[in-house]
Structure formats: structure tokens, C-alpha cells
């Protein structure tokens with residue numbers, strides 16, 4: 001674009017476009033604030049600069065941008081029917097995607113109801129849980145237990161189940177009937193204990209919460225397994241098995257939010273398979289349509305879904321839930337992963353990422369913790385490794401990380417919600433060369449933070 005065109009686009013954005021996620025008009029003064037094209041792992045901004053992305057919509061584009069096979073499938077379906085059909089009936093790709101998902105998930109998980117985003121998926125799951133107990137004649141079971149630092153969406157219901165307090169506060173009071181417990185965050189344990197001597201006390205907090213509220217009032221537990229946007233925090237290996245056992249003991253439905261972690265990112269199709277558990281409901285988004293548009297799913301056990309019939313049919317749906325062209329994209333992406341054995345590649349990438357990040361941590365005075373689960377990773381920066389003290393000006397650290405990344409041709413995203421945490425959500429088909437670019441930029445950024453802020 002010409003200089004005058006760029007100036008006009010930035011000016012128009014500032015004048016008319018309300019940016020999301022707590023940004024204001026000044027956001028458009030930053031490089032990469034407007035993207036004009038993307039392919040593979042790379043994006044091109046309005047200034048013509050080409051950068052390697054490391055976030056991909058929090059892992060939504062798990063095969064990168066504009067993957068040719070996914071694009072071909074999606075465009076082919078768009079030519080047949082581009083929108084939702086009359087009376088909200090499905091097109092063949094949505095039916096086939098529902099069938100395919102059922103073949104990938106464990107146990108009796110079978111039925112999928114589609115929505116447009118992760119908020120939809122989680123809102124739907126909560127509604128299913130509440131109506132399920134009414135159908136069973138236990139309508140007093142309506143409460144939802146979520147976890148601190150987890151995120152389930154921007155609707156008032158899903159926000160009430162979420163533990164991002166900075167997102168909740170502007171809209172309080174939120175919905176009644178939602179309770180939050182601590183998450184398993186071993187690096188900053190809320191009990192000041194050390195794993196494994198702690199006995200995974202954070203999991204047992206679910207039991208205490210259910211007993212305090214009384215089991216006759218609790219409908220479901222909802223949680224991420226690995227916390228995603230809150231800092232890529234995987235649980236201890238036995239944590240989810242304990243949660244499953246407690247839910248079974250008290251007749252509480254277990255909703256696993258896999259909006260971020262689903263579709264191969266942990267080396268399994270779904271993270272619950274890594275821990276050997278079968279949730280009652282899995283929520284999906286982002287990657288379900290390969291990240292190529294607004295598609296989500298709420299995937300439910302057969303013995304739950306089959307109760308919703310006749311007078312108890314589920315009065316729920318979305319205008320654009322299950323768009324056929326996005327379902328076609330999702331099917332093509334799954335087939336590509338299967339054909340190229342990319343679940344194994346995710347595990348391989350996770351091993352490489354862990355080795356490199358541990359080496360960076362070992363040689364740095366400012367890397368307090370590194371956390372890796374498949375292609376998802378976090379580097380937590382601290383002012384003092386011994387005390388885990390955070391930097392007093394988190395925003396300045398984050399800006400420096402981003403600037404160093406740009407100089408090295410890589411988009412580095414350093415969140416400041418819970419300290420300074422660099423997040424990575426890499427595609428399953430990331431090459432070793434591209435991985436090397438990421439590690440080089442990360443090492444340079446970490447070294448510059450140490451030089452400037454210690």
C-alpha cells in the first residue's frame with residue numbers, strides 16, 4: 001500500500017473501528033495492528049512487513065494461515081451454499097464433522113451441537129447441564145463451579161464461570177449461582193505448597209466447594225485443563241483424574257473446556273485423552289474449523305443428549321451455528337493431520353520447545369518458569385528468580401519483548417495480566433527452521449529484558 005493509503009486506513013480505523021480486548025484507538029499506531037495478508041506461519045501488515053506469528057488466535061489456526069487443502073475444501077462448499085439454510089437445517093459437511101468428532105473422542109461422547117465461538121460452546125454446555133438435572137427430576141442442581149484464572153467466554157454466563165477478574169469487574173454484578181475455586185498453578189501455588197508434597201490440594205478444593213454448597217445444588221464443574229490465555233499452565237498429571245472422581249462421587253457433570261487445547265495441540269486430539277478421563281461434555285472452538293471462521297461445538301455423552309426429547313427437547317440454537325463451509329474446513333484439517341501424523345509431530349515439537357526454553361531459562365536471570373504442553377508454551381519473566389517477584393512496570397517489559405521480536409521478524413506476545421508471560425501457540429506443521437526463528441527471537445528478547453530491567 002502507498003503511504004497515503006496507509007495513513008488513510010489508520011485514520012479510518014481510529015475514527016470508526018472499536019478495537020476489541022481492552023484496546024483503544026492508539027492501538028492502530030502500532031505495527032501489525034492491521035494485517036493485509038497471511039500464509040503459513042507468516043502475516044504481512046499494512047506497512048508490508050512480514051512476521052512469523054506465534055499466537056494464531058490462541059491456537060485457532062493449528063495448520064497456519066491459508067492452508068491450501070483447507071482453503072480448497074472451504075471454498076468448494078461456499079460455492080454450493082455459503083450461508084445457513086432455511087429453518088436452520090444442516091448441510092452435509094456439518095453432519096460429517098459431527099460424525100468425525102465422535103470418532104476422535106473417548107467413551108460415550110457422541111453428539112455435537114454447533115455454535116459460532118467458544119462463548120457459545122460453553123454457554124450451551126452450562127444450559128445443557130442445568131436442563132439435564134431438571135429432566136432427571138433434580139432441578140435444585142443448578143450451580144456451576146469454575147476456576148480462578150480460567151476463561152470461558154465473554155457472555156455474562158460464561159464470564160460468571162470465568163476467573164479473569166479484570167474481565168469480570170466492569171460488568172458486575174454477574175450471574176448468581178457461580179462459584180470459583182483455585183486452579184493448579186504450581187509456580188505460584190495459592191497455598192504456598194510444593195508439588196507433589198502438596199497432595200494436589202487444589203483438586204480437593206472442588207470437594208470442599210461441593211460439600212459447602214451441598215451436592216443437591218451443584219449441576220456442573222467447568223474448567224480448562226491446561227489454562228490457555230491465563231498463561232499456559234498445565235495441571236499436575238493426576239489432577240484431572242481426581243476432578244473426574246469427585247464429580248462422579250457427587251453426581252456433578254464435568255465440562256472440559258477444550259476451546260484452545262482441542263484438535264491436536266497437546267499431542268492428542270483432545271487434552272482429556274492425555275489424562276485418561278472422559279468428560280461429560282467437551283466444549284470446542286477455535287480449531288474446530290481450523291481457525292478459518294466462527295465455528296464451535298458442544299460435544300455431549302450419548303446418555304445425556306438422548307434425554308433431550310419431546311417436551312424436554314433443547315430450546316437452543318444459533319443462527320450461524322454449524323456453517324457448512326467452516327465444517328468443510330474442519331474436516332479437511334482433521335484429514336490432513338491424520339494423513340501426515342501431526343499428532344506425533346505435536347509431541348515432537350513439544351519436546352524441542354521444552355529443551356530450548358529450559359536452556360534459555362538456565363542461562364537467564366529473568367526467566368522464572370517455562371511451561372510446555374505440546375505446541376503450547378509460556379515463558380514467565382520475573383525480576384527476581386529466587387522470590388518470583390514481578391517487574392514493577394509489566395507493560396514496559398511487554399513492549400520491549402514485542403519490539404525485540406519485531407526486529408527479529410517474529411511476533412512475540414507478552415501478556416501482563418498475571419505478570420509478564422510470553423505465550424506460544426504454534427501450528428502442528430511448524431518446521432524446525434521456523435521453530436529456530438522463534439527461539440532466536442525469544443532468546444534475544446529475554447537477554448534484552450535482563451539488560452534493561454536488572
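Since every read-out is calculated from the coordinates, none of them should be taken as a lab result. What you are looking at is a predicted structure, and each value in this text was computed from that prediction instead of being measured.
Annotations for the structure displayed:
- Using only alpha-carbon positions in segment 132-255, the gyration tensor eigenvalues give semi-axes of 23, 19, 11 Å once each is multiplied by 5 and square-rooted (largest first).
- Distances between every pair of Cα atoms in segment 170-328, grouped in 5 Å steps from 0 to the bin holding the largest one, split as 2, 8, 15, 17, 19, 18, 12, 6, 3, 1, 0 percent.
- Euclidean distance between Cα centres, segment 415-440 to segment 30-59, Å: 14
- Here the chain is treated as a sphere whose radius is the Kirkwood value from Cα pairs; by Stokes-Einstein at 10 °C and 1.306 mPa s it diffuses with a coefficient of 69 µm²/s.
- Counting DSSP beta bridges with both ends in the chain, the antiparallel % (nearest 5): 70
- Residue-averaged [θ]222 nm for the chain, counting only DSSP H segments that reach four residues, each worth -39500 (n - 2.57): -12000 deg cm²/dmol
- Sorted largest first, the spans of the alpha carbon positions of segment 69-339 along the three principal axes are 57, 42, 39 Å.
- Cα centroids of segment 150-214 and segment 251-307: 20 Å apart.
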